[in-house]
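The numbers here are math on the coordinates, done by the rules we state, and not lab data. Not measured: the values here are computed from a predicted model. Cβ placement follows ideal geometry from the backbone for every residue including glycine, while neighbour counts extend to all protein chains displayed.
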């Protein structure tokens, strides 16, 4: 440590500063993350004159160090002396905004946007705007892409001459030579439009939008779609038709499937932005085309939007539009050749029943559900089953039960355990909707069969499923149907099945209550304490610890304590460990 | 047409070389200021053009190491199959290098400053007497000698079940493709953990396999177009706009073979070993065993131009098959203005074809003939009797000396030729501004002149 004359408090800071240039990345990273400590020790003056210049040139470092640095500098204003000196942070952030690694640049831009708010209007024009201009006219595309994200934060707070310059710079970047910069500009176009005066939106932004939407690179065109949605929200209804719609119509029919995919993906936002009239005249036919697109990715994206699109249709004509325009396309998608399309549709199609009402659901949708329930792809069937609640509200699930049951049984026995796991998770929901009688009759045996599945994850999920079923159907039901079967497994010759009994008791004791636990479960657990397999014995200890709080104190003292004490002297160290743990948790010592 | 002059001869001094030193790929960057080579030993060497025009070593690094795939019990060679430069981003240079399985993105950057000043140690690293540390010192950056560093930025692994034969960067500058024998994958340059399969030729049953992908390349300007060629002699053009999966091609370039000329070797020699889009994007250049062909993208049924590279081998196919030479994969290249085509041949010969004048020339890249500032003399291979003293008989060609990898500077008449472990860089006798810079007068073109450099590696 520091000697008599040295300052003890300097030492840890000195280490931190030295580690800024340590060879080990992890140490440099640690040091950068404590940059505020260093700055605090140096004081605002030295931070501005020594630390920041050093950091400005440290752009050679690893990405993770630079990323941490970019993030730190975003909240460094106080450490350089407050808003008055905030512009001192610009040089290091400017150099970070030009590195080649996207995440670092994005973080630097984020920090720049943050500290731009701390600039006074004067400082903004004197320091911040020149930085934006420098970046915008930089030699390398990295600096120009970073500039795109900075226009919108300074525009509202500068004079009208500077505003004109900013608009000019943005225009230039929209027609940059490199597609990377045009992409960055296209992705910020909507954001920039939001801070512009309406007249400039019409005179400046619209031509840029039109140009980007017909860029030769489809990677640029597809980003223009999103900008179009934002721009549409800004314009009054009467301008939409002339200024935005021609371009959006063209995007929906673009030669590139990626652009059409983007339109499909943004369809609900688009629908909200353009309002009911244009939805009726333009979006409905466009949506039909997307549902019939030749590329499966586009159809899947559109299929995902079917419900939301229908929901947001103007109420007066909703039903007619769905019945005459949308439903025919949906019917075709049910037998699509691509399983992703079918499964996307299956995840939303049930939602249509609430919109269309009982009669239409029975007549038109029910046949589709039934076809999908028999689909060869398990994901399609699962998606239908997982959304049964929507239909239940409208027509009751019984209408479906004839087809539902075979579908469930087949999924329950699927060769892929993930599929089995997924259907187990829907069991409590199904049980609730189908009612206890139907459940006992058809599904109970399935739930019990899962308890002896050869995959642990399934047995575990089955245990948890039983608990949820008991929550739904009550303790009495449990005592009559489940508990005897569970306890019966305690005598199974397979120790894994015997352990399942213990796991079930862990899960069920709470929901079954004291009486059933003490009377029926506890004796079985205690009996199992003499099992030959150590794994079973230590699980008995864990089980007792778990169900202890449910039991009354006399049962604990008279029955549990002696067993645990015996297990505590077991020759297996794991059994001992868990027995002692249970004794101390249950305070039986 | 051209006057070749050797401007750099970058090779091992000793005539003895190991297998690892054999150059396996050569590629200029977009400006032509840099040239990268990869070798069988997994090394990448980058050359920078000096103001005087010579190329000198700028950076050397080990890109790939030999590996072993324990799951499949397969050795993975470190040999660099392809190198592709990324368009310039910032002062650093980026390139993709691939071996059979793994693609790596490398950054080559310069550093000319280093930090000085520790609090607790002196510059030699000795701990200071702590009692002297009374104030905090922030390190300062001081100029130092230029240091070129190569650092691996990303590793794109596990995308291919078969051997990668090509990589190509898209004009959108954010994606690239990689092709193996049966599949083409599309990657995002920033994402290493997934790629999209866009072409899959793998049949359900591998016994039905009838063709393999030999090369794939993106169009230079249209980000949605890619071409790939196969072992059956076809080249397909795919439009990525039409479908996410490009198994169905937009165009198929194939020349009908005269049934009467069919032989056992027909399919083998028609296998396309290289495909290059012209700089204009209008034409495709394909190389098969005996010819180079220029295809107009607008005409699928036959090439617009066909050039014989070494037609005299047509009668030797049997022995070439026995020596496996018939499977050699020769590359081809366009010059900057798409007016001249270059490709390699045997006996350290390489060929150039002037598309306008239809003149062609055979030149030799070897240590014996490439002298400083000497102009390369054309060679002639004769089938029958020698007509001139300098003629070479077909039977005396050395088939072990082959020029597979060639590259042409994107703007100027500078070419790079890899002949086993040697790299020759020739430049046109004309300087870029059009003045002759060598006094000697040559009767007829082509004249390529040599200008050796201190050997490196």
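Values computed for the structure shown
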{"item": "Tilt relative to chain A, helix A:495-512 - C-alpha long axis, 0 to 90 degrees, to 10", "result": "80 degrees"}
{"item": "Shielding score for A:133-143, defined as the mean number of other chain Cβ atoms within 10 Å", "result": "2"}
{"item": "Three-way shape call for segment A:1-126 based on the alpha-carbon gyration tensor, with the a/c threshold at 1.5", "result": "oblate"}
{"item": "10 Å binning of all Cα-Cα separations within segment B:98-251, expressed as whole percents from 0 upward", "result": "10, 29, 21, 11, 10, 10, 7, 2, 0"}
{"item": "Exposure proxy order (Cβ contacts within 10 Å, fewest to most) of A:427, A:467", "result": "A:467, A:427"}
{"item": "Least to most buried among B:218, B:196 (fewest other Cβ within 10 Å first)", "result": "B:196, B:218"}
{"item": "Rounded, prolate or oblate (a/c below 1.5 giving rounded, otherwise prolate when a/b exceeds b/c) for segment A:485-589 by Cα gyration tensor", "result": "oblate"}
{"item": "Peptide B:134-143 - average C-beta neighbours from other chains (10 Å radius)", "result": "6"}
{"item": "For peptides A:149-161, A:260-272, sequence by mean Cβ density within 10 Å, most packed first", "result": "A:260-272, A:149-161"}
{"item": "Rough spin-label spacing in nm, given labels placed 7 Å along Cα→Cβ, for residue A:471 and residue A:362", "result": "3.4 nm"}
{"item": "Gain on full stretching of the segment that runs from residue A:210 to residue A:552 - 0.36 nm per residue minus C-alpha separation", "result": "115.5 nm"}
{"item": "Folded to 0 to 90 degrees: helix A:534-547 orientation relative to chain A principal axis, Cα", "result": "80 degrees"}
{"item": "Euclidean distance between Cα centres, segment A:122-157 to segment B:133-187, Å", "result": "28 Å"}
{"item": "Label point distance in nm, residue B:72-residue A:402, each placed 7 Å from Cα along Cα→Cβ", "result": "5.2 nm"}
{"item": "Principal-axis tilt of helix A:456-473 within chain A, Cα atoms, nearest 10 degrees", "result": "80 degrees"}
{"item": "Inverse of mean 1/r across different Cα pairs in segment A:121-189, Kirkwood, Å", "result": "11.8 Å"}
{"item": "Theoretical FRET efficiency, 1/(1+(r/R0)^6), r = Cβ-Cβ of residue B:366 and residue A:527, R0 56 Å, to 0.05", "result": "0.05"}
{"item": "Inter-part distance where segment B:343-411 and segment B:289-315 are each reduced to a Cα centre, Å", "result": "19 Å"}
{"item": "Cα-only radius of gyration and Dmax that characterise segment B:238-370, units Å", "result": "16.2, 54"}
{"item": "Average silhouette area of segment B:42-106, convex hull of alpha-carbon atoms, in square nanometres", "result": "5.2 nm²"}
{"item": "Estimated FRET transfer efficiency (residue A:164, residue A:122; beta-carbon r; R0 25 Å; 0.05)", "result": "0.85"}
{"item": "For segment B:93-165, alpha-carbon Rg relative to the globular expectation (2.2 N^0.38 Å, N residues)", "result": "1.86"}
{"item": "DSSP bridge orientation in the protein assembly as shown - percent antiparallel, rounded to nearest 5", "result": "95 percent"}
{"item": "Chain A: equivalent-ellipsoid semi-axes (sqrt of 5 x gyration tensor eigenvalues, Cα, Å)", "result": "57, 44, 18"}
{"item": "Average beta carbon contacts from partner chains per residue of B:75-88, 10 Å cutoff", "result": "1"}
{"item": "Pair-distance profile P(r), taking every C-alpha pair of segment A:189-229, with 10 angstrom steps and integer %", "result": "33, 54, 14"}
{"item": "Computed [θ] at 222 nm, deg cm²/dmol, the protein assembly as shown (DSSP H ≥ 4; -39,500 (n - 2.57); rounded to nearest 500)", "result": "-11000 deg cm²/dmol"}
{"item": "Quotient of Cα Rg and 2.2 N^0.38 Å for chain B, N being how many residues it contains", "result": "1.07"}
{"item": "Inter-label distance, nm, simple model (7 Å from Cα along the C-beta direction), residue B:62/residue A:535", "result": "4.5 nm"}
{"item": "Nearest-0.05 FRET efficiency for residue B:305 and residue B:263, computed from C-beta distance (R0 30 Å)", "result": "0.80"}
{"item": "Residue order, fewest to most beta carbons within 10 Å, for A:586, A:212", "result": "A:586, A:212"}
{"item": "Per-selection Kirkwood Rh - the protein assembly as shown (Cα, Å, 1 d.p.)", "result": "35.1 Å"}
{"item": "Approximate shape of segment A:370-520 as ellipsoid semi-axes (Cα gyration tensor, √5λ), whole Å, largest first", "result": "28, 18, 11"}
